[in-house]
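> Take this structure first; my questions come after.
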Amino acid sequence: MRSTAAEAGVTIAAVDTQVVRAGEADRVFVTATAFGVLGPGAPVLDLDAVRPGDHIVVTGPLGSHAAHLVSLRDGLGYEHHVPSDCAPLGGMLREVGADLHHARTVVAGGLAEVLRQCAAGRGLTLCVDEAALPVRYEARVALGARGLAPLDAACAGCLCLFVPPEHTGRVLTALRAHPHGRQAAVVGEVTADPMGDVEFRAPDGRLHTRTVPAGSVPERLL
C-alpha cells in the first residue's frame, strides 16, 4: 500500500478495521475512499469535447484483471500467466491529459460498456477495429472458459482515451514510455454518424453491433 500510494502521489490519511463473524471473510478485504482537487491548469476532459475523427486509444490489454480474478476464483490455473493490471493511472494520465478530448476508466462492463455510454452520451457513432484490440492469449482463454468476452471484462489498469488525430502519435509515444502503457493501441475512431451506437469491424471487414450480455453474469462486475 505504501509503494502504490507513493506512485499515485496520494497520502493515506486514516485507516479503520471491521470485525466480522467467524467464517464471513477468509481473505483480506480492502475498501478505500479518496478525496482530491483538480490542480491548476488540469484539463477538463468532458464528453462534449469528443469530435468526429477522434481516435479511440486503449492504454493496455483488455480483460487481464477479470481473467486473473476468474482464474483464482474458479481454479483455472491462468493467474500466474495473466497478472491483474490493477495500477494507479493518474501519472500516466498526467503525461497525456493536455492532448486528450476525453478519458474513461474501463470498469464494470468492460470497454464495450464504456464505448456504449460514450456513443449514446455524445450522440456520435464509434467504429472499433476488433483486430486492433490488445488482448493477452491467456486472458482470452480464461475468460472464454466462463463465457465472457474481453470486451465485456473489467480492466482495472486500462484507460479509454479519445484523442484528436493530430495528437495521436505524441500520445502513443508518451503512453508506451510509461510502465502501465507499453501496449497502448489505437482501436477505433469517432464518426459523424448521429446514431449514437458502436460498430465493430471484424477481422474479415464485416461491420456488426454487439448486444449487452443477457442474464446475470457475475464476472462482468469484476
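> Could you pull out the residue among 136, 116, 104, 176 that is touching a Cys at 6+ places or on another chain (Cβ under 6 Å) and charged (D, E, K, R)? Step through it out loud before you land on a result.
Working: 136 fails: touching a Cys at 6+ places or on another chain (Cβ under 6 Å); 116 fails: touching a Cys at 6+ places or on another chain (Cβ under 6 Å); 176 fails: touching a Cys at 6+ places or on another chain (Cβ under 6 Å).
Answer to the selection: 104.
> Let me ask you something else. Got a sec? Which of 37, 28 is open to solvent by 100 Å² or more (accessible area, probe 1.4 Å), under 30 Å from residue 164 (Cβ atoms), among the β-branched types (Val, Ile, Thr) and out of contact with any Cys (no Cβ under 7 Å at 6 or more places or on another chain)? Break it down into steps so the answer makes sense when it comes.
On the way: 28 fails: under 30 Å from residue 164 (Cβ atoms).
Among 37, 28, only 37 is open to solvent by 100 Å² or more (accessible area, probe 1.4 Å), under 30 Å from residue 164 (Cβ atoms), among the β-branched types (Val, Ile, Thr) and out of contact with any Cys (no Cβ under 7 Å at 6 or more places or on another chain).
> Oh, and also: Going by what's in this entry, would residue 48 be described as among the charged types (D, E, K, R) and open to solvent by 50 Å² or more (accessible area, probe 1.4 Å)?
Working: among the charged types (D, E, K, R): yes; open to solvent by 50 Å² or more (accessible area, probe 1.4 Å): yes.
Yes.
One line per residue, one yes/no per condition, for (1) within 16 Å of the chain's Cα centre (by Cα); (2) at pLDDT 90 or above; (3) buried (at least 20 other Cβ atoms within 10 Å of the Cβ):
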{"site": "109", "(1), (2), (3)": "yes, no, yes"}
{"site": "116", "(1), (2), (3)": "yes, yes, no"}
{"site": "132", "(1), (2), (3)": "yes, yes, no"}
{"site": "136", "(1), (2), (3)": "yes, yes, yes"}
{"site": "145", "(1), (2), (3)": "no, no, no"}
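> What are the residues in the stretch 93-107 that are open to solvent by less than 50 Å² (accessible area, probe 1.4 Å) and at pLDDT below 90, if any?
We begin by selecting, within the stretch 93-107, every residue open to solvent by less than 50 Å² (accessible area, probe 1.4 Å); these are 96-97, 99-103, 106.
Passing the criteria: only 97.
> Show the residue pairs that are 6+ apart or on different chains and have beta-carbon atoms under 6 Å apart, the first residue being within the stretch 113-136 and at negative phi, the second being aromatic (Phe, Trp, Tyr) and open to solvent by less than 30 Å² (accessible area, probe 1.4 Å).
Pairs that qualify, where the first residue is at negative phi and the partner is aromatic (Phe, Trp, Tyr) and open to solvent by less than 30 Å² (accessible area, probe 1.4 Å), are 128/200; 130/200.
> Another one. Just to be sure I understand, how many residues within the stretch 190-205 are among the charged types (D, E, K, R), farther than 10 Å from residue 128 by Cα and touching a strand residue (DSSP E or B) at 6+ places or on another chain (Cβ under 9 Å)? Before the answer, list the steps.
Residues of the stretch 190-205 among the charged types (D, E, K, R): 193, 197, 199, 201, 204.
Then drop every residue that is not farther than 10 Å from residue 128 by Cα, which leaves 193, 197, 204.
Those left that are additionally touching a strand residue (DSSP E or B) at 6+ places or on another chain (Cβ under 9 Å): 193, 197.
The total comes to 2.
> Take the stretch 147-158 and flag every residue that is surrounded by fewer than 18 Cβ atoms within 10 Å (Cβ to Cβ) and touching a strand residue (DSSP E or B) at 6+ places or on another chain (Cβ under 9 Å).
Residues satisfying the conditions do not exist here.
> Do any residues in the stretch 197-210 that are in contact (Cβ under 8 Å) with a residue 60 or more places away in the chain and buried (at least 16 other Cβ atoms within 10 Å of the Cβ) have Cβ atoms under 7 Å from those of residues that are among the basic types (Lys, Arg) and part of a loop (DSSP other than H, G, I, E, B), where the two are at least six apart or on different chains, and which pairs are they?
200/210
The values are calculated or read from the model by the stated rules, or taken from the named source; none is laboratory data. Given the structure is predicted, the values throughout are model-derived calculations rather than measurements. Here the Cβ is made from the backbone with ideal geometry for all residues, glycine too, and neighbour counts use every protein chain on show. Accessible surface areas use protein heavy atoms only, side chains included; no ligands, DNA or RNA. Shrake-Rupley method; radii C 1.70, N 1.55, O 1.52, S 1.80 Å.
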